[in-house]
Every structure is written in C-alpha cells, then in structure tokens.
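Undergrad: There's a structure below that I have some questions on.
The values are calculated or read from the model by the stated rules, or taken from the named source; none is laboratory data. Just so it is clear, the model here is predicted, and its values are computed rather than measured. Ideal geometry is used to build each Cβ from the backbone, glycine not excepted, and the neighbour counts take in all protein chains shown.
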Amino acid sequence: MKIIACISCHALRYPKHDQGGGHHNGESRIQAVKDTWYKNWQKVSDQIDLKFFYGQWPEESTRLPEDNEVFLDCRDDYYGLPEKVKAVFKWCTENGYDHICKVDDDVFVHLDRLLANFEPVDYRGYECEGPTGKYASGTAYWISSRAAKLVAEAELDPKWWAEDATVGLILARNNISLVNDERYLCCSCEVCLKKYSQDSIISIHTTRPEQMYSFMETSNA
C-alpha cells in the first residue's frame, strides 16, 4: 500500500532568515490543502492513503489527532524537520506502507498524475544539489520502505538541518541514488511554470495558500 505523508506543524513559525521563497508565517496551509486536492484524494483513497503528520503538541493543549492526523513524539519546529521525517518514515514502515510520497503542506498535488506515473523505485523527485550532494527537493518525493527504514534508523548529523538534503545524504551513503523527475516542481515562479508543461506537472510548491485554489480551478477546467 502507498501513502501520501503530508508534513505539517501545530504552529507555523519560520526563522526570520528563512522567510521568503515560499516560507511565510501565520497562514492556514493545511486548510488550503483540504479545500483543494485533498478532495480529489477522497476519490482515490482505495489506491493510496493520506495522513497529516505533526510533531509534539504544546503541553497545554488537549486536542487529540483526527482520523487523518498523526501526532508524533518528535520536535515540531522548522529545524526539527530531519527528526520529524525520521519519525514519519518509522511510523509509515511500521504500519505496512511499501512506498511513501512525502509532501509538504504547501504543495499542490495532481493526484491522477501522481498515481498514473508511479514507479516502484527507492527514491524519486526533483533533483537538487548542495554541499551534501544530490537530493530530492523536500517539497515532494517518493521513497520506498527499504530506503525509508535506512533514514528512520540513521543517526542524524546536527550540521545538516535541511530535511531533504539529510535524506539524500543518508541514502547516498547506502548506495541509493536519486531518480530525477522534474515533474515534482519545487517552484511556482512564472519562469518555471512556463518551462514545464502544465499537463505533465505532478506537484507544485506554492508560495501562498491562494495559489492552491488557483491551481485547483485550473486543474478542473
């Protein structure tokens, strides 16, 4: 069984130096997801599962997770993302999922294309490169249970706070290479949207929740 693991947090607070480029505070991104492509997921829920993952809830709160939510015993802040993704992958593999599509909560997903273009590879997404080497943009990527277990069991290096680069580094050390797929678009600027065919894009990293609604209108046109 496959699952879309949508990573979110209880309180959206980016460090000042990381605001911009799609990182903005105080916006209801999960609500935008639920109002848009999540509704399409309900039509294909027999083919792929979907859960929203959060870290530790503030101690003063008594809210329990809803049916489509998972609260994990891990950090919930921006720099705790490597720890959170490790916990997400551990939960998914322990619950019997063979392939995980890790998605951020500010990403619009064309679910029909996601399912139609699925291939059972270990690691697939939009290729980026940095000091740690090549890795899939954390906005959206596929990872197999085999690869996810390696991440879940790996010791984190505190020097690398970026979740996506950390995952790529761990997998590279275990001889798992990324399959580059630019249809998992990590940007929604005009240049990128014109560069790639709108009929082929599988996922798009948005900068504002209103973009979710705009993409939904276009996809239903």
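Conditions tested, residue by residue: (1) within 27 Å of Pro209 (Cβ to Cβ); (2) out of contact with any His (no Cβ under 6 Å at 6 or more places or on another chain).
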| position | (1), (2) |
| --- | --- |
| Val85 | yes, yes |
| Gly96 | no, yes |
| Ile100 | yes, yes |
| Val103 | yes, yes |
| Asp106 | yes, yes |
| Leu115 | yes, yes |
| Gly125 | yes, yes |
| Gly130 | no, yes |
| Thr139 | yes, no |
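Undergrad: Between residues in the stretch 29-53 that are in contact (Cβ under 8 Å) with a residue 60 or more places away in the chain and within 28 Å of Cys74 (Cα to Cα) and residues that are of a type in the set (Gly, Ala, Ser) and in a helix (DSSP H, G or I), which pairs lie under 9 Å by C-beta distance while being six or more apart or on different chains?
TA: Here the result reads Trp37/Ser219, each pair linking the stretch 29-53 to a residue that is of a type in the set (Gly, Ala, Ser) and in a helix (DSSP H, G or I).
Undergrad: State which residue is surrounded by the most Cβ atoms within 10 Å (Cβ to Cβ) when the search covers only the stretch 171-198 and only residues that are modelled with pLDDT under 85 and in a loop (DSSP other than H, G, I, E, B). Please lay out each step first, then the result.
TA: Pass one, the stretch 171-198, residues modelled with pLDDT under 85: 188-198.
This time we only want the ones that are in a loop (DSSP other than H, G, I, E, B), so: 188-189, 196-198.
Values: Ser188: 21, Cys189: 13, Tyr196: 14, Ser197: 8, Gln198: 12.
Only one residue fits best here, namely Ser188.
Undergrad: List the pairs whose first member sits in the stretch 60-81 and is within 20 Å of Thr139 (Cβ to Cβ), whose second member is assigned to a loop (DSSP other than H, G, I, E, B) and of a type in the set (D, E, K, R), and whose Cβ atoms are under 8 Å apart, counting only residues at least 6 apart or on separate chains?
TA: Asp77/Arg13; Tyr78/Arg13
Undergrad: State yes or no: is Leu115 within 14 Å of the chain's Cα centre (by Cα) and over 15 Å from Asp164 (Cβ atoms)?
TA: Details: within 14 Å of the chain's Cα centre (by Cα): no; over 15 Å from Asp164 (Cβ atoms): yes.
No, not satisfied.
Undergrad: Ok, one more. Out of all the residues in the stretch 132-181, which are over 20 Å from Ile7 (Cα atoms) and either touching a Lys or Arg at 6+ places or on another chain (Cβ under 9 Å) or β-branched (Val, Ile, Thr) (or both)?
TA: Thr132, Ala172, Ile176, Ser177, Leu178, Val179, Asn180, Asp181
Let's see how each residue does on (1) closer than 15 Å to Ala11 by Cα; (2) aliphatic (A, V, I, L, M); (3) at pLDDT below 85; (4) crowded, with 16+ Cβ neighbours inside 10 Å:
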{"residue": "Gly22", "(1), (2), (3), (4)": "no, no, yes, yes"}
{"residue": "Asn25", "(1), (2), (3), (4)": "yes, no, yes, no"}
{"residue": "Lys39", "(1), (2), (3), (4)": "no, no, no, no"}
{"residue": "Tyr54", "(1), (2), (3), (4)": "yes, no, no, yes"}
{"residue": "Glu60", "(1), (2), (3), (4)": "yes, no, yes, no"}
{"residue": "Asp67", "(1), (2), (3), (4)": "no, no, no, no"}
{"residue": "Leu72", "(1), (2), (3), (4)": "yes, yes, no, yes"}
{"residue": "Arg75", "(1), (2), (3), (4)": "yes, no, no, yes"}
{"residue": "Gly80", "(1), (2), (3), (4)": "yes, no, no, yes"}
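Undergrad: Another one. If Met212 satisfies all but one of (1) under 28 Å from Thr93 (Cα atoms); (2) buried (at least 22 other Cβ atoms within 10 Å of the Cβ), what's the number of the condition it fails?
TA: (1)
Undergrad: Okay, moving on. Has the stretch 142-165 got at least one residue that is in contact (Cβ under 8 Å) with a residue 24 or more places away in the chain, within 18 Å of Ser200 (Cα to Cα) and under 16 Å from the mean Cα position of the chain (by Cα)?
TA: Checked the stretch 142-165: at least one residue is in contact (Cβ under 8 Å) with a residue 24 or more places away in the chain, within 18 Å of Ser200 (Cα to Cα) and under 16 Å from the mean Cα position of the chain (by Cα).
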